[in-house]
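First up is the structure itself, then whatever we jot down about it.
The values are calculated or read from the model by the stated rules, or taken from the named source; none is laboratory data. Just so it is clear, the model here is predicted, and its values are computed rather than measured. In this analysis, Cβ positions are derived from the backbone assuming ideal geometry, glycine residues included, and neighbour counts consider all displayed protein chains.
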Amino acid sequence: MKRVSYFLLTFCGLAIGAHAQVAKNAVRSSINGIDLVVLKTGVQEVVTIRGSLAAGDSLSPDTNPAIADLAGGMLDKGTTTHDKFAISQMIGDVGANISFHTSESTLDINGRCLRKDLPLVLSLIAEQLRSPAFSPEEFAKLKKQIAGMMQRQMEDTDFRSNDAFVRSVYPIGHPNHSPAVPEFLAGVQKATLDEVKAFHKKYYGPVTLRLVLVGDIDPAIAQSEITKGFAGWTGGEVPPHPAKAGGVDAPRDQTVFMADKTNVSVTWGQATGLRYGDPDALALRIGTAVLGYGFTGRLMANVRDKEGLTYGIYSTVANDTFVDGDWRIGANFAPQLLEKGIESTKRQLTSWYKDGVTDAELAQRKTERAGSYKVGLSTTGGMAGTILTTLNRDLDLTFIDEYPARVNALTKEQVNGAIKKHLDPEKMVLVKAGTVTGAK
Amino acid sequence: MKLLRLLSAFLASVFLLAPAALRAADVPAPKLDGFTYVKTVGAISEYTLDSNGLTMLVLPEHSAPVVTFMVTYRVGSRNEVTGTTGATHLLEHLMFKGSTNFNDKQGNSVKQFLETVGGNYNATTYLDRTNYYAQIGNEHLAGYMAIEADRMRNLWLREDDRRPEMTVVRNEFEIGENDPTQALDKEIFAAAFQAHPYHHSTIGWRSDIEKVPIEKLRAFYDTFYWPDNATVSIIGDFEPAAAAALVKKYYGTYPRAPKPIPQVYTEEPEQSGPRRVIVQRAGELGVVGLSYKSPAGTHPDLPALNVLGNILSAGKTSRFYRSLTDKNLTTSVDASAGYFHDPSLFQIYANLAPGATHDQVEKIIIAEVDRLKKDGVTAAEVATAVGKLVAAEAYKRDGAFAVAGALNEDIAAGDWTLYYSIGDATKKVTAADVQRVANKYLDINQSVTGWFIPIVAAPEPTAPAAK
């Protein structure tokens, strides 16, 4: 299900991993078609697992947008060998975690365990991916659980604002376009188990599976366990490359009214037409960081620090891992400060767009990125996530090692040129979600 | 900056020791000039700066060329009184507005420095402590420590900064109020604690946030921000002697607090019956919260309560999952013991599924609690819970930043060695211990039950649109 806390992105930047020479130290292999990367780090005992499979929401059939989610949701509801309680007991007994999450383009796999328990955890991941039980009773329960979780999300102003935004800037059929919640819930209601099984049969297989293991781990043992767990598994389908987002005839100024909310969430931006690895994409990201990364970015420095209009405001480039993504500002405002906050934000956006970034700002971002490259080396989760994202961006692992140099090579002209070329404030969509004065 | 009231977190200590930790206690801690050695537990050594009583914890770990530096002040919202609720947190925000030697005007403020060197940094305020921290390349330790030390005693604290920052903090308050569970949690704490300052949340009451005068913030700063009320923790790739020399250089210039640090002496009177609160506002689905009085973080019963919480709510084999979530009555349930300096709450929060009623879910929770109190738990349940908790502690060791976060809560609870000792104690918890603490603490007469009742909004109007 779609639920991304974009606010966190403000302070994360690129989470670079734990070794200065990732490409050199990582062991990459293809096992039965599975793209496997294993990296041993200095951490003791802990192993983190990240994976992805092309079985995301956007691959649901046109007739029902909920099928991919339901398929992913059935993975932890028991297999043909073990019921869900037995699996939970096995995982729990060793304090491991395994979870699956369906996002726009992929089924995401997350796991964590102690080194000694890796064989068990990998075998369970394989079993859950390969042979879910598809019990009718569990399917009925899952439908109700998803309905409940979606209904609860409807209380969240951030969710509502982001949800309206992606439906406004991406056309129907684009992987980043979400169905409206009522449409999604209707899909959940009418879905049949046969539809879910058919989806699983079509998309679940080694062809698109990527697995990354990082931590206190012997690559040979990992390869051996993966070989055992996934032997004989076939299938999976590489999704077609979708067309880039074209123009959307959505209102430029939208309000999602929610009663009794003390804070209004704002999302403001547009589709960029850029995927992460495209020329200009890195320049646009660095320029975007000048506007809205951290406390020294222009948005926080002015809208928050000088004017006191918001607790948090940021700008970021998002959703561009698999396909062309979007550019957005996210912010929170009290209802009574909303218009003032938007005006202040607009001043910063206009000035940034019109005059571009300065030499000093670019220089600061370069050193900041170089430093965060080093600092970000600390966790297995951050490292595994970075490797997986790099693979999903169709980039080589050397990209991680070369990242600081690539940033350092950017010129002011490239950055400002990318901003001008790929953004247009006049075409951006502004969404406000909350108790907006005068909207009801 | 971040405000935390973690509803579900067991913010306890790390107890699966890294190899470095296993051998560290056997290796004599180095003598450090100007410091008195106190003790070594696991891989962590404690020293006191002789000139002013500052506590220093060092944990060298050389797997990556980064270091985390953190200062923890032993002041939190428990130190506030009527009229100054939220002051600790507002002060934390104002700590980023500049000090005598490091500020925006000079281009070397804490945020300018850390965002230029790519540091990962923040500050948090909670019931018992305030902390400021950064993870940085080890070559930047001196630069960051100089700034951090300067703002310990040379903070500007200007009214011109308070005014705009007040609205920032008020917006943080408003964001929290947007969340039904957070709103309910504030009401539950307020009902549970009538005398003790855990009564109010760390963010404070709205009117106090808006109106607290700068003079009171100054007085607060001048009361609590002293070296003998602080602990600095250094974790990662550094040499203790060199780091200690920096601590001595930057913090050694300050004297001890001129007056004794005021201690909270208010104790919550015995509760004499169950209490209830209701929060009603627009929303989609209800929440039921049951909170029972529980002991302080240093109390020996805490490990058994942690195991109890795990048995009740962790994973699909837990009792609440089977009795509630698996029956489509809740979307999730969480049960956990507070980990604080003073007695707090063992809290159960159940998020209702569509169609479930508050009464129905509350009765099932109470029935499960009563069943556990009467029949106890199995040895297998305890073994599973302990296994999960032990592994969870190992995961908290994944990076110096995570270690600092856990250590911070141990310092706040009153004893940093809990970082290791809670783990040992958890491993010794028996089924009998769990049943005993359930009967001792899950007493309905010592509880507050809270309901969030959503008022379902009328159909939403069509959004006004302007192209």
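Points worth noting:
- Some residue of region B:319-331 being of a type in the set (A, V, I, L, M) and closer than 22 Å to residue B:271 by Cα: no
- Test: residue in region B:235-248 that is of a type in the set (Lys, Arg) and exposed (fewer than 15 other Cβ atoms within 10 Å of the Cβ): no
Residues checked against (1) more than 9 Å from chain B (Cβ to nearest Cβ); (2) on the phi < 0 side of the Ramachandran plot; (3) assigned to a helix (DSSP H, G or I):
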position: A:261; (1), (2), (3): no, yes, no
position: A:267; (1), (2), (3): yes, yes, no
position: A:270; (1), (2), (3): yes, yes, no
position: A:273; (1), (2), (3): yes, no, no
position: A:277; (1), (2), (3): yes, yes, no
position: A:285; (1), (2), (3): yes, yes, yes
position: A:290; (1), (2), (3): yes, yes, yes
position: A:304; (1), (2), (3): no, yes, yes
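- Among the residues of region A:350-380, those that are in a helix (DSSP H, G or I), under 29 Å from residue B:61 (Cα atoms) and hydroxyl-bearing (Ser, Thr, Tyr) comprise A:367, A:372, A:373, A:378, A:380.
- Residue selected from region B:51-74 under the condition farther than 27 Å from residue A:373 by Cα and touching a Ser or Thr at 6+ places or on another chain (Cβ under 6 Å), by the criterion surrounded by the most Cβ atoms within 10 Å (Cβ to Cβ): B:73
- Which listed residue is within 13 Å of chain B (Cβ to nearest Cβ) and assigned to a loop (DSSP other than H, G, I, E, B), from A:155, A:138: A:155
- One residue alone among B:405, B:376, B:355 is away from chain A (no Cβ under 14 Å) and of a type in the set (Gly, Ala, Ser), and that residue is B:376.
Residue-by-condition table, conditions (1) modelled with pLDDT of 95 or more; (2) part of a strand (DSSP E or B); (3) of a type in the set (Gly, Ala, Ser):
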site	(1), (2), (3)
B:111	yes, no, no
B:121	no, yes, no
B:136	no, yes, no
B:143	yes, no, yes
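- Among the residues listed as B:114, B:157, B:94, the single one being of a type in the set (A, V, I, L, M) and at positive phi: B:157
- For region A:343-380, filtering for residues that are out of contact with any helix residue (DSSP H, G or I) (no Cβ under 7 Å at 6 or more places or on another chain), surrounded by fewer than 22 Cβ atoms within 10 Å (Cβ to Cβ) and not hydroxyl-bearing (Ser, Thr, Tyr) leaves 7.
- Every residue from region A:158-192 that is free of Cβ contacts under 8 Å to residues at least 12 places away in the same chain and within 14 Å of chain B (Cβ to nearest Cβ): A:182
- Exactly one residue among B:190, B:183, B:195, B:134 is out of contact with any Lys or Arg (no Cβ under 9 Å at 6 or more places or on another chain) and within 11 Å of another protein chain (Cβ to nearest Cβ), and that residue is B:134.
- Residue match in region A:113-125 (condition: more than 14 Å from chain B (Cβ to nearest Cβ), β-branched (Val, Ile, Thr) and touching a Gly at 6+ places or on another chain (Cβ under 7 Å)): yes
- Applying the criterion of being facing chain A (nearest Cβ under 7 Å) and touching a residue at least 12 places away in the same chain (Cβ under 8 Å) to the residues of region B:171-180, the residue that is farthest from the chain's Cα centre (by Cα) is B:180.
- Residues in region A:241-257 that are in contact with a Gly (Cβ under 9 Å, 6 or more places away or on another chain) and at the interface with chain B (Cβ under 7 Å from one of its Cβ atoms) were compared, and the one that is surrounded by the most Cβ atoms within 10 Å (Cβ to Cβ) is A:255.
- Residues being of a type in the set (Gly, Ala, Ser) and without any contact (Cβ under 8 Å) to a residue 12 or more places away in the chain are represented in region B:368-386 by at least one member.
- Which listed residue, of B:234, B:261, B:209, is among the hydrophobic types (A, V, I, L, M, F, W, C), in contact with a strand residue (DSSP E or B) (Cβ under 6 Å, 6 or more places away or on another chain) and in contact (Cβ under 8 Å) with a residue 24 or more places away in the chain: B:234
- Failed criterion for residue A:391 (all others in (1) more than 30 Å from residue A:209 (Cβ to Cβ); (2) assigned to a helix (DSSP H, G or I); (3) at pLDDT 95 or above hold): (1)
- For residue A:98, the stated conditions do not hold, so it cannot be described as at the interface with chain B (Cβ under 9 Å from one of its Cβ atoms) and buried (at least 20 other Cβ atoms within 10 Å of the Cβ).
- For residue B:352, the conditions (1) out of contact with any Lys or Arg (no Cβ under 8 Å at 6 or more places or on another chain); (2) surrounded by fewer than 23 Cβ atoms within 10 Å (Cβ to Cβ) all hold with the exception of (2).
- For region B:116-130, the criterion of being under 21 Å from residue B:252 (Cβ atoms) and not aliphatic (A, V, I, L, M) is satisfied by no residue at all.
- Residue match in region A:312-334 (condition: under 30 Å from residue A:394 (Cβ atoms), among the β-branched types (Val, Ile, Thr) and at the interface with another protein chain (Cβ under 8 Å from one of its Cβ atoms)): no
- Leading residue by the ranking (surrounded by the fewest Cβ atoms within 10 Å (Cβ to Cβ)) among those in region B:360-398 that are among the basic types (Lys, Arg) and at pLDDT 95 or above: B:374
- Per-region count, region A:142-152, residues surrounded by 21 or more Cβ atoms within 10 Å (Cβ to Cβ), more than 8 Å from every other protein chain (Cβ to nearest Cβ) and more than 20 Å from the chain's Cα centre (by Cα): 1
- Of everything listed in (1) more than 27 Å from the chain's Cα centre (by Cα); (2) of a type in the set (Asp, Glu); (3) surrounded by 24 or more Cβ atoms within 10 Å (Cβ to Cβ), the single unmet condition for residue A:117 is (3).
- Verdict on residue A:342 being assigned to a helix (DSSP H, G or I), within 28 Å of residue B:399 (Cβ to Cβ) and either more than 11 Å from every other protein chain (Cβ to nearest Cβ) or among the hydroxyl-bearing types (Ser, Thr, Tyr) (or both): no
- Selected residue (only one of A:402, A:426, A:413 is assigned to a helix (DSSP H, G or I) and either within 14 Å of chain B (Cβ to nearest Cβ) or touching a strand residue (DSSP E or B) at 6+ places or on another chain (Cβ under 7 Å) (or both)): A:426
- Residue A:52 falls short of the stated requirement of being at pLDDT below 95, in the same structural domain as residue A:116 (by TED's automatic domain parsing), buried (at least 21 other Cβ atoms within 10 Å of the Cβ) and not in a loop (DSSP other than H, G, I, E, B).
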